[in-house]
Each structure stands twice: as C-alpha cells, then as structure tokens.
Amino acid sequence: MTLIDLTPRVTENDRLSTLPVAIIGAGPIGLAAAAHLVERGIDFLLFESGGRAGASVRAWGHTRLFSPWKHLVDPASRRLLEARGWELPEPERAPTGTELVERYVAPLAELDEIASRTRLGVQVVAVTREGMDRTRTRGRATTPFALRIRTTDGDVEEVIARAVIDASGTYLSPNPLSSSGLELLGMSDIADAVSPALPDVLGRDRTRFSGRRTTVVGAGHSAANTLLALVELVRQEPGTSVAWLIRNAQAVRVSSSADDELADRARLGSRVDQAVADGVITVIDGFEIIRARRGPGGERVELVGHRDGELVTHVTDVVVNATGFRPDLDMLREIRLELDEIVEAPKRLAPLIDPNVHSCGTVEPHGFSELTHPEKGFFIVGMKSYGRAPTFLLATGYEQVRSVTAWLAGDLTSASQVELTLPATGVCSTGLGDGDGCCS
Ligand SMILES: Cc1cc2nc3c(=O)[nH]c(=O)nc-3n(C[C@H](O)[C@H](O)[C@H](O)COP(=O)(O)OP(=O)(O)OC[C@H]3O[C@@H](n4cnc5c(N)ncnc54)[C@H](O)[C@@H]3O)c2cc1C
C-alpha cells in the first residue's frame, strides 16, 4: 500500500506571497508606492532613514518648486487623502518644499494604513536575497529579499520581503566637486567651507554667506536657485559677493526658454541671466576643478583647475556644491541590476532620459517593463530611477509606481497601460556630455 502524505507543502512561492513588499524611502514617490499598495490590499513595510517622512524635501524646504500643485500629487494618494477630508491646495500655484511636505507628504504619511507600516529613523544599508550573494542563481527568483537595516541607535537587523521598491532618491549622494567625478583632492582640508546644494541663504544659513565671497559650482536649477538667493543677499549685506563656476563653456541648462510650460522655471533662468548681465554674478566658465587647498593663513579656499588649457586658481570663502546628484548603488551590490553605463539608470529607461540627448522633463510614459532588472521583483523608482540625469518630475514617478504595484498585484493589463501627460519643458542642457541636446 502506498501512503500519501497529505500534509500541505509550503512552496517557496507560497512563502513569498506571505511576505510584505519593502519600500525604501518615505519621500513623495515611496509614499505613493505605499498608497498604491494600500489600494491593492498588498502588505508592505516602508523604511525611512530620516526622523520624519519627506526628510530630503524638508532639507531644501525653503526652495520653491517650479511645478504647480496639480502636477505634484499622486492620484492614489489623493484618493486616500480625500476620503479623510483632505483638499488639493491651489492647483495652479507652485509650493515650496516645506509646503509640499506639510500640506501633502506629511498628511499622507500619517494615514493609519501607511503610518502603521512605516519605520522612521531606519536606514536600509544593503539589500540581497536571503542567504544568496549575487553569484548564486538556482532558486533565486523564489528566494525572499533580505534587507539589512540600521536604526538611529545603531542597531542592525535584517528583514525579509517578497519584493523591493527602492525609492530612496539621490539627494543624500551628491556628485563631488571634482570634474573627474572622483572625490576632490584636498576635500578634507576645505570641507568646513563647502555647503551642500540648496543652502537656505536668506534664512537658516544666512551667517555663513553674509559679507563673504561665495562660489556656486554647477549649472543646473539648484545652482540657479542658490545664485538668486545670493544676489538678494548681495543687495542686503555689504561685502557679500557671488561667483558662478561652471565646467562647460556656457550654463545652458538654466537659460530661460519660451518653450517651458513650467513658467516659474523659465523665469528662474531669465533672472539669473539678468543678474549676470548686471554684473552681480561673476561667471567663471570652462573651469574644470582638479584639487582644492587652503590659501596662505588658512582663511580662504583655493580651487585649482584647468581653464583654457592653463592651470589656474580661483580664490573664495565659501563653496556651494550644486553639481548634482548620483544614485547610491553601494547598498545594491548583491542585487543583479541592469543599468545604463552612462546615466546609471535602468537600461531601458536610460535612452529616454540621457542628458546627452534629452535635456528636459518630457519623457515617454514608462512603467514596470522599463524599470525591470534581472533581479525579479526589484525596482528602482522615483528620482533614483533617473540615475545621474537631473530631469525627473514627480508625475513621472507616480506613474512608475502605479505600474510597478499593478505588476506586483499580478495585474499585467494595468501595469502595461502606462499613460503620462507632462507639461512641455523646453529647458535645454548639455548635462553630462558636450552635445546640445534638446527635447521638443
Ligand atoms: C530643489 C528641487 C526642486 C524640485 N522641483 C520639482 C518640481 O517643481 N516638480 C517636480 O516634479 N519635481 C521637482 N524636483 C525633483 C523631484 O521631484 C524631487 O527631488 C523629489 O523629492 C523626488 O522624490 P523621491 O521620492 O524620488 O525622492 P526623495 O524626495 O529624495 O525621497 C527619498 C527618501 O528616501 C530616504 N532615504 C534615502 N536613503 C535611504 C535609505 N538607505 N534607507 C531609508 N531611507 C532612505 C530619504 O531620507 C528621503 O526621505 C525638485 C527637486 C529639487 C531638489
């Protein structure tokens, strides 16, 4: 007689389906992913390294966004919030970062369905497959992910998940000042004179810049915002001066463009142009920084670089690093990623956003299929999905997470129907390369 074992077998797939999805980062995009998972009835855990949701946006909270409210709110998040009586702020007005957090990000994060699954002050330091480094292939797709996390107390533990959505942004990993992309030689000598991008020049950080010479390094919108704040400080505080140091021959990215439907952004460019024409901002173009050191007496900072084929020195008091951001890939060392070799964005997304060819926020609709990696169930979304490209818009990220969460729910039809209507942005940049890329 043959005995049949009737004990239910727990397969790896069954086990996976009992686990939560892990979301890294409670910025606007991580929270939008959470909202979509709530709507789909899928369990998740959301990890945020900051003490509060929207930590990175809070850091540049004094800065006004260029998109109006109507482009800044995720549809699923809006449905959850409106069910609790929330109302969309003035649709045509662009908020500051602080307003975005206080009137949208924080209320969203505080919804019970999301707050109860969120761990604040917890940094994800690494992601892998449970018991498998990246070289192991057999059974990989059905093995849970393991996330190593560190709390603010320094405790380290591991949690397992069926899938991972990395929405950790790029704000915490700025590019170095050096034009080579490596840590600037001599950086440790001048570190106390270097400010991260987007300091609050007229508020919190005023004393750092007042009555001093500041050099803003970088050609993007972050640089433009800081330059304009410094121009205002020059008017208010005698002895304040501002230099703008860029490696390209021209700061094309912030030049004003009549094609830009984001009018606030176009105005930003024209105001910088005007301050340069008025002589308030001194432009030092074509300068490739190679090292830094303290000047005689240790007071001033000297940036040494190549300009017009010669080795030259630029002397200043304070340096603002507005050279842009890059994705933190160290934490993903054990994950099989397929990234573009230039932009460090997912391979199929990169051609749509490569700043050598595309220089504006306009992008084709895209979703899970462009964001898929060889590591099944692992997705990079939001600002981080753009790698080193600077043109990410929230509306793009909201559609990304709608598609990815539909895929996680097994709803391939919805996951594949990607739709995205973005304002035309005629802002051009040469970004990483030397081309004159422009989207129309
Ligand atoms: C000055 C400025 C103005 C902008 N204006 C606009 C605009 O007008 N319109 C627009 O559409 N877009 C704008 N953007 C671009 C973009 O929409 C924002 O950068 C947006 O904040 C990106 O959202 P995110 O959720 O992808 O990343 P973030 O907002 O950066 O959120 C990432 C979160 O992850 C957390 N985190 C990071 N690493 C870890 C980790 N290892 N473990 C756990 N948590 C982690 C961070 O603390 C942070 O809270 C602007 C950006 C800047 C900087």
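In segment 175-193, the count of residues that are surrounded by 14 or more Cβ atoms within 10 Å (Cβ to Cβ) and within 16 Å of the ligand (Cβ to nearest atom) is one or more.
Cβ separations smaller than 9 Å between residues 6+ apart or across chains give the following pairs from segment 37-64 residues that are under 21 Å from R103 (Cβ atoms) to residues that are near the ligand (Cβ under 9 Å from one of its atoms) and among the aromatic types (F, W, Y): A55/Y171; S56/Y171; V57/Y171; A59/Y171; W60/Y171. With respect to the conditions (1) within 16 Å of the ligand (Cβ to nearest atom); (2) surrounded by fewer than 17 Cβ atoms within 10 Å (Cβ to Cβ), L147 lacks only one, and its number is (2).
Residue-by-condition table, conditions (1) within 16 Å of the ligand (Cβ to nearest atom); (2) outside any loop (DSSP other than H, G, I, E, B); (3) at pLDDT 65 or above; (4) under 22 Å from S222 (Cβ atoms):
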site	(1), (2), (3), (4)
R388	yes, no, yes, yes
E419	no, no, yes, no
G426	yes, no, no, yes
G437	no, no, no, yes
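In summary, strands (runs of 3 or more DSSP E) completely within segment 31-139 and bearing 3 or more residues that are within 10 Å of the ligand (Cβ to nearest atom) occur at 44-48, 122-129. Exactly one residue among V105, V125, V101 is of a type outside the set (S, T, N, Q), in contact (Cβ under 8 Å) with a residue 12 or more places away in the chain and in contact with a Pro (Cβ under 8 Å, 6 or more places away or on another chain), and that residue is V105. Taking the condition buried (at least 17 other Cβ atoms within 10 Å of the Cβ), aliphatic (A, V, I, L, M) and at pLDDT 95 or above, does A251 pass? No, not satisfied.
The values are calculated or read from the model by the stated rules, or taken from the named source; none is laboratory data. None of these values were measured; they are calculated from a predicted model. Cβ atoms come from the backbone with ideal geometry, glycine included; neighbour counts cover every protein chain shown.
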